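K.L.:
The structure follows.
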Amino acid sequence: MREQPMAGTWPEIVNFRDVGGLAADGGRVVRRGRLFRGTALHNVTDDDLRALADLGVGLVFDLRSSHEADGRPDRLPPGAAYRRVPGVQSMEQVHHELLDWDNLMEQMSASDEALAETEAFQASVYPEMTSHPDAFRALVGEMLSRPDRPIYVHCSAGKDRTGVACAIVLRLLGVSRADALADYLESAKHPAPDVAGVLARAGRRAPKVEALIKSMLAVSEAQFDAAFVEADRVWGSWDGFVKDGLGLTPDDVEALRDAYLEDAV
């Protein structure tokens, strides 16, 4: 169970939430006010930026590709630093508009080959995140270097790359798989405003196209598991992923827990 959120001004950002409040090993809980998650900041209001500043956000960590970030650059809270490391490295080679759903549906409907190519890409996204975890290594490094500096981590929709990033952090902190999964699945309750319209238009396409669009807009336990199964396959185990994938020592993990956990009240 997650504790109640901290009081104060809250930005009106889609899928925005504090990653803290969950129970961890040793009777402790994840500190609130240290790691926030949500969508990209290209269209936030001045009030949103002030709210992020009031929450102390000192670093915006962007998991998007260069094409996404260049096309929709973040607006930053006053005084915040910015760092971008792509959560899915292969997306650096994708130069078309990733969020143009109508164009994507048109492409997928053009041929069986185009549909199969999109299906293969969608299936590869979650495994790639943990087989090539450079972004998550960098995020944890930022957390360790300045643990008193609140971080806002995001991708485009704040559900896939951001969801895996936060799940990895929570597991490092000793949060149970069930609670980390619940935090990941919470994104299903906070869809972007355009999702309903996209799904309605997808319903007028061929069943396979509609099913794939639904999958791309959703979060699921199967996707979550795909990332962690791949971590075990590539790195031998969770411990191998932590040591060799994320480059963390046992002392690093202990330091992370000391900084980001507190005694339950």
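K.L.:
May I ask you to derive the relative contact order of segment 149-229, considering only C-alpha pairs under 8 Å and at least 6 residues apart, and to give it as an integer percent?
P.N.:
It comes to 28 percent, rounded to a whole number.
K.L.:
Follow-up question, since we're still on this one. If you place +1 on the Cβ of every Lys and Arg and -1 on the Cβ of every Asp and Glu, how big does the dipole about the Cα centre of the chain come out, in debye to the nearest 20?
P.N.:
Rounded to the nearest 20 debye, it is 420 debye.
K.L.:
Turning to a different aspect of this structure: Does anyone have the angle between helix 134-145 and the longest principal axis of the chain? Alpha-carbon axes, 0 to 90°, nearest 10?
P.N.:
The angle comes out near 20 degrees.
K.L.:
Follow-up. Could you work out which residue, out of Q122, Q89, Q107, moves most in a Gaussian network model of the chain, that is, has the largest mean-square fluctuation with Cα springs under 10 Å?
P.N.:
Q107
K.L.:
Hey, can you grab everything whose amide H is under 5 Å from the amide H of I13? Only 5+ residues off in sequence or another chain; H modelled, so Pro and N-termini drop out.
P.N.:
Amide H neighbours of I13, under 5 Å, 5+ apart: none.
K.L.:
Taking the Cβ-Cβ separation of N43 and D112 as r and a Förster radius of 25 Å, what is the calculated FRET efficiency to the nearest 0.05?
P.N.:
It comes to 0.10.
K.L.:
Of all DSSP beta bridges in the chain, what percent run antiparallel (nearest 5)?
P.N.:
Within the chain, antiparallel bridges account for around 35 percent of the total.
K.L.:
To continue, here is another question. Quick check: residue separation of D100 and R204 times 0.36 nm, minus the Cα distance between them. What number comes out in nm?
P.N.:
Full extension of this stretch gives 35.8 nm more.
K.L.:
Extension gain Y82-A192, at 0.36 nm per residue separation less the Cα-Cα distance, in nm?
P.N.:
Gain on stretching Y82 to A192: 37.3 nm.
K.L.:
Follow-up. Please list 3J(HN,Hα) in residue order for segment 186-199, calculated via the Karplus relation 6.51 cos²θ - 1.76 cosθ + 1.60 where θ = phi - 60°; whole Hz, with x for glycine and proline.
P.N.:
Karplus values, whole Hz, x for Gly and Pro: 4, 4, 5, 7, 10, x, 5, x, 8, 4, 4, x, 4, 5.
K.L.:
Moving on. Kindly provide the Kirkwood hydrodynamic radius of the chain in Å, to one decimal, from all pairs of distinct alpha carbon atoms.
P.N.:
About 19.0 Å for the chain.
K.L.:
Another one. Round to the nearest 10 and give me the degree value, 0 to 90, for the angle of helix 161-172's Cα axis relative to the longest principal axis of the chain.
P.N.:
Roughly 30 degrees, rounded to the nearest 10.
K.L.:
Can you show me the helix-derived [θ] at 222 nm for the chain, built from DSSP H runs with n ≥ 4 at -39,500 (n - 2.57) apiece and divided by the number of residues, rounded to the nearest 500.
P.N.:
-14000 deg cm²/dmol
K.L.:
Quick one: which residues, 5+ away or cross-chain, put their amide H under 5 Å from the amide H of L59? H built at 1.01 Å from N.
P.N.:
When sequence neighbours closer than 5 places are left aside, the close amide H contacts are A81, Y152.
K.L.:
Could you identify which residue out of D18, D251, D134 has the top mean-square fluctuation in a GNM of the chain using Cα springs shorter than 10 Å?
P.N.:
Comparing D18, D251, D134 in a Gaussian network model of the chain, the most mobile one is D251.
K.L.:
On full extension of the chain, what length is gained from A123 through V265, given 0.36 nm per residue of separation minus the C-alpha to C-alpha distance?
P.N.:
Roughly 46.9 nm would be gained on extension.
K.L.:
Oh, and also: Return a whole-number percent for the relative contact order of the chain, with Cα pairs under 8 Å and 6 or more residues apart as the contact set.
P.N.:
It comes to 25 percent, rounded to a whole number.
K.L.:
Measure off 7 Å from each Cα along the Cα-to-Cβ vector at D134 and E221, then give the distance between these two points in nanometres to one decimal.
P.N.:
3.4 nm
K.L.:
Show the residues, 5+ positions off or on another chain, whose built amide H is closer than 5 Å to the amide H of V175.
P.N.:
D25
K.L.:
How would you rank Y260, Y82, going from fewest to most other Cβ atoms within 10 Å of each one's own Cβ?
P.N.:
Y82, Y260
K.L.:
Local charge sum around L144 (other residues, Cβ-Cβ under 13 Å, Lys/Arg +1, Asp/Glu -1)?
P.N.:
-1
K.L.:
Taking K and R as +1 and D and E as -1, what net charge do the other residues with C-beta under 10 Å from the C-beta of M105 add up to?
P.N.:
-1
K.L.:
Which angle between 0 and 90 degrees, to the nearest 10, do you get for helix 207-217 versus the longest principal axis of the chain when only C-alpha atoms count?
P.N.:
On a 0 to 90 degree scale, this one is about 20.
K.L.:
HN-Hα J couplings of segment 101-109 from phi, Karplus 6.51/-1.76/1.60, θ = phi - 60°, integer Hz, Gly and Pro as x?
P.N.:
For segment 101-109, the Karplus-derived couplings read 5, 5, 5, 4, 5, 5, 5, 5, 7 Hz, x marking Gly and Pro.
Read the figures in this text as sums done on the coordinates, not as results from a lab. Since the structure is predicted, the reported quantities are computational estimates derived from the model, not experimental observations. Here Cβ is always computed from backbone atoms with ideal geometry, including for glycine, and neighbour counts include all displayed protein chains.
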